[in-house]
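Note sheet for the following structure.
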Amino acid sequence: MQQTDFMEMNFKRKLPMPVEIKEQMPVSSKVMEIKIKRDKEIQNVFSGKSDKMILVIGPCSADREEPVIDYIYRLAGVNEKVKDKLIIVPRVYTNKPRTTGKGYKGMALQPDPEKKPDMLEGLMAIRRLHMRAAEETGLTTADEMLYPENHRYLSDLLSYVAVGARSTENQQHRLTASGIGIPCGMKNPTCGDLSVMLNSIEAAQCGHTFLYRGWEVETEGNSFAHAVLRGAVNMYGQSIPNYHYEDLITLHKMYCDRQLENPAVIIDTNHSNSGKQYIEQIRIVKEVLHSCKYNSDIRKMVKGFMIESYIEDGCQSIHDNVYGKSITDPCLGWEKTERLIYDIADSI
């Protein structure tokens, strides 16, 4: 019987398994020790054993290795001065979600933004980048779990992951989050429905059996899955912030009603909370800190911030080649970032 000819995906090549990449690019004993120590410190914040705050901070998307490493060196210098109050986790996001499917999709796909996609080079480039950050600066990193099947390529390096607004309703993201062993921030969906986000957290905190990378796997649940408020978009495409005092009180009540483990929220200061007006991130942080001072329940629940920041203010096109300037969403420049970090530490 003749097989019908369908339009199909073009299978270009078989990529190495995560274990093969890890064997080719192994983590040093120094990095292993750093990660164990940092993971515990970060978990203690989410469990309430530590009253420090977490700052997941860095470029909208990691684009080129050298400026990203330069930026993380700068963070490491500041971290030494505020480490009694803050835990700085460099945001090294190597996969970039695109609302329309067009545009730069991150280092994992394009290690050089001006060249064609090369996923083998990309996987090696992102592993090298996260490894260099820990090895050279002592700061383990955060990445977005945009593609759950890619997490294992970096699982021995990351101390924090986030599930984005467009992924938080996806079953595979929820199930994978239940077995990753590090804090996982589940963002509210773009519609802003907090119950959807809490459903995602509840699912991630439970154990599951499911299919992952061709294996039947079993997880015990991730008690450090938590909320990330990133604002929403209404039916007209207008941004609706959700970081205000009333939003935080509402989330606290919803957490109490659900009786989830380790009630926690990270405030994403950009995206729909700022309307992508990057300078507004400074004001948003300070308003949330004021809410924390005013209400002890909010202070216990708010564990820190996600801030989009790079070396230069704003953003540029891929071809402009301004060193340390975002090629995706606009970011806060280094001078403003450094001042903001010190202000946060002084306010805690």
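The values are calculated or read from the model by the stated rules, or taken from the named source; none is laboratory data. None of the values given here were measured: they were computed from a predicted structure. Note that we place each Cβ from the backbone using ideal geometry, even for glycine, and neighbour counts take in every protein chain shown. Remember, those area values only see protein heavy atoms, side chains included, never the ligands or the DNA or RNA. Shrake-Rupley method; radii C 1.70, N 1.55, O 1.52, S 1.80 Å.
Going through Met235, Met197 one at a time, which residue ends up being in contact with a Lys or Arg (Cβ under 8 Å, 6 or more places away or on another chain) and either in contact (Cβ under 8 Å) with a residue 60 or more places away in the chain or not in a strand (DSSP E or B) (or both)?
Working: Met235 fails: in contact with a Lys or Arg (Cβ under 8 Å, 6 or more places away or on another chain).
When all the criteria are applied, what remains is Met197.
Under the condition of being more than 19 Å from Gly231 (Cα to Cα) and within 16 Å of the chain's Cα centre (by Cα), which residue from the range 157-172 is surrounded by the fewest Cβ atoms within 10 Å (Cβ to Cβ)?
Ranking the candidates gives Leu158 first.
Pairs under 9 Å by beta carbon, first residue at negative phi and in contact (Cβ under 8 Å) with a residue 40 or more places away in the chain in the range 153-166, partner of a type in the set (Phe, Trp, Tyr) and buried (at least 22 other Cβ atoms within 10 Å of the Cβ), six or more apart or different chains?
Once the first residue is at negative phi and in contact (Cβ under 8 Å) with a residue 40 or more places away in the chain and sits in the range 153-166, its partners that are of a type in the set (Phe, Trp, Tyr) and buried (at least 22 other Cβ atoms within 10 Å of the Cβ) give Ala162/Tyr93.
Select from the range 102-123 the residues that are out of contact with any helix residue (DSSP H, G or I) (no Cβ under 9 Å at 6 or more places or on another chain) and open to solvent by less than 30 Å² (accessible area, probe 1.4 Å) and list them in ascending order.
Matches in the range 102-123: Tyr104, Pro113, Gly122.
Which one of these is among the polar types (S, T, N, Q) and crowded, with 23+ Cβ neighbours inside 10 Å: Thr94, Thr99?
Numbers: Thr99 fails: crowded, with 23+ Cβ neighbours inside 10 Å.
Residue meeting the stated conditions: Thr94.
Kindly state which helices (runs of 4 or more DSSP H) lie completely within the range 253-348 and contain at least 1 residues that are closer than 30 Å to Gly106 by Cβ and not aliphatic (A, V, I, L, M). Let's see the steps before the verdict.
Values: elements: 271-274, 280-294, 296-301, 334-347.
The qualifying helices (runs of 4 or more DSSP H) are 271-274, 280-294, 334-347.
Does Cys184 qualify as being open to solvent by 10 Å² or more (accessible area, probe 1.4 Å) and of a type in the set (A, V, I, L, M, F, W, C)? Give the steps one after another, and end with the answer.
Numbers: open to solvent by 10 Å² or more (accessible area, probe 1.4 Å): no; of a type in the set (A, V, I, L, M, F, W, C): yes.
So Cys184 fails the test.
Going through the range 75-113 one residue at a time, which ones are over 18 Å from the mean Cα position of the chain (by Cα), of a type in the set (D, E, K, R) and either part of a helix (DSSP H, G or I) or closer than 20 Å to Ala162 by Cβ (or both)?
If the condition is that a residue be over 18 Å from the mean Cα position of the chain (by Cα), of a type in the set (D, E, K, R) and either part of a helix (DSSP H, G or I) or closer than 20 Å to Ala162 by Cβ (or both), then Glu80, Lys81 are the ones that fit.
Within the range 241-266, can you find the residues that are farther than 22 Å from Thr99 by Cβ, free of Cβ contacts under 8 Å to residues at least 60 places away in the same chain and open to solvent by less than 20 Å² (accessible area, probe 1.4 Å)?
Residues satisfying the conditions are Leu248, Leu251, Tyr255, Val265.
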